[in-house]
Structure formats: C-alpha cells, structure tokens
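**Student:** I am attaching a structure below and will ask some questions about it afterwards.
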Amino acid sequence: MLTTTRAVIATLGGTASVEALLGVKRSAVSNWRVTNKFPARTFLAIQARLKAAGATADPCLWAFQIDRAA
C-alpha cells in the first residue's frame, strides 16, 4: 500500500501522467506532493488507475470532508 502522495504520483508515471489523468496543472500536482493530500474529487480516478497498475493507496491521502451533522 502506498502511503505518500509522492509514491502515488511516481506509481502513476510521474507528474505529467497525473496532470493528464486528472486534467490539472503541474502546480496542483506539486502542491499535493508538499501537502501529502489529494483533493477528494481525485479519489476514484487515482484509485482506478492504481488498481490497473496492481497498487493501492491509503485512503488517508485524500482530504475528505466529513459531515458531522449527519
């Protein structure tokens, strides 16, 4: 199981591959490396691509919002 955003990005083929997969700019991918968090909206796309590569990532790497009122 991958435990850092850096490892996930590397497994997906690097910055350019993640940019293309998610339709984001290089600066976004760089920020995810620094903060060690991906936006929640990227979860399904990244996890699907990781699964195809035979890898998994810790769900804690995503910045999910929890609705405490529910």
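The values are calculated or read from the model by the stated rules, or taken from the named source; none is laboratory data. All values reported here derive from a predicted model rather than from experimental measurement. Neighbour counts are summed over all protein chains in view; Cβ atoms, including those assigned to glycine, are modelled from backbone coordinates with ideal geometry. Accessible surface is based on the protein model in full, side chains and every heavy atom, while ligands, DNA and RNA are left aside. Shrake-Rupley method; radii C 1.70, N 1.55, O 1.52, S 1.80 Å.
**Student:** Please give me the summed charge of the neighbours of K37: other residues whose Cβ is under 13 Å from its Cβ, Lys and Arg +1, Asp and Glu -1. Mind showing how you got there, number by number?
**Tutor:** Values: positive: R6, R33, R41; negative: D58.
Around K37, the surrounding residues sum to +2.
**Student:** Another question, if that's okay. With axes computed from alpha carbons, what is the tilt in degrees of helix 26-35 against the longest principal axis of the chain, rounded to the nearest 10 within 0 to 90?
**Tutor:** For helix 26-35, the angle is close to 60 degrees.
**Student:** Compute the helix-to-body angle for 43-52: its Cα long axis versus the longest principal axis of the chain, expressed 0 to 90° and rounded to tens.
**Tutor:** Compared with the principal axis, the helix lies near 40 degrees.
**Student:** Let me ask something else. Measuring from label point to label point, each 7 Å out along Cα→Cβ, what is the A69 to K25 span in nm?
**Tutor:** If labels sit at A69 and K25, their model points lie 3.3 nm apart.
**Student:** Placing unit charges on C-beta atoms (Lys and Arg positive, Asp and Glu negative, everything else neutral), compute the dipole magnitude of the chain about its Cα centre in debye, rounded to 20.
**Tutor:** Details: 9 positive and 3 negative charges, 26 e Å.
Dipole size: approximately 120 debye.
**Student:** Quick one: accessible area per residue over the chain, 1.4 Å probe, rounded to a whole number of Å²?
**Tutor:** Details: 4470 Å² over 70 residues.
Per residue, the chain has 64 Å² of solvent-accessible surface.
**Student:** From Cα pairs below 8 angstrom and at least 6 apart in sequence, can you work out the relative contact order of the chain, rounded to a whole percent?
**Tutor:** On the way: 64 pairs, mean separation 28.5, N = 70.
Relative contact order of the chain: 41 percent.
**Student:** While we're here: Taking amide hydrogens as modeled 1.01 Å from N in the peptide plane, which residues meet the under 5 Å criterion relative to L2, leaving out close sequence neighbours?
**Tutor:** Here T56, A57, D58 satisfy the definition.
**Student:** Same structure, new question: Express the carbon and sulfur contribution to the solvent-accessible surface of the chain as a percent, rounded to the nearest whole number, probe 1.4 angstrom.
**Tutor:** On the way: 2520 of 4470 Å².
The C+S portion of the solvent-accessible surface of the chain is 56 percent.
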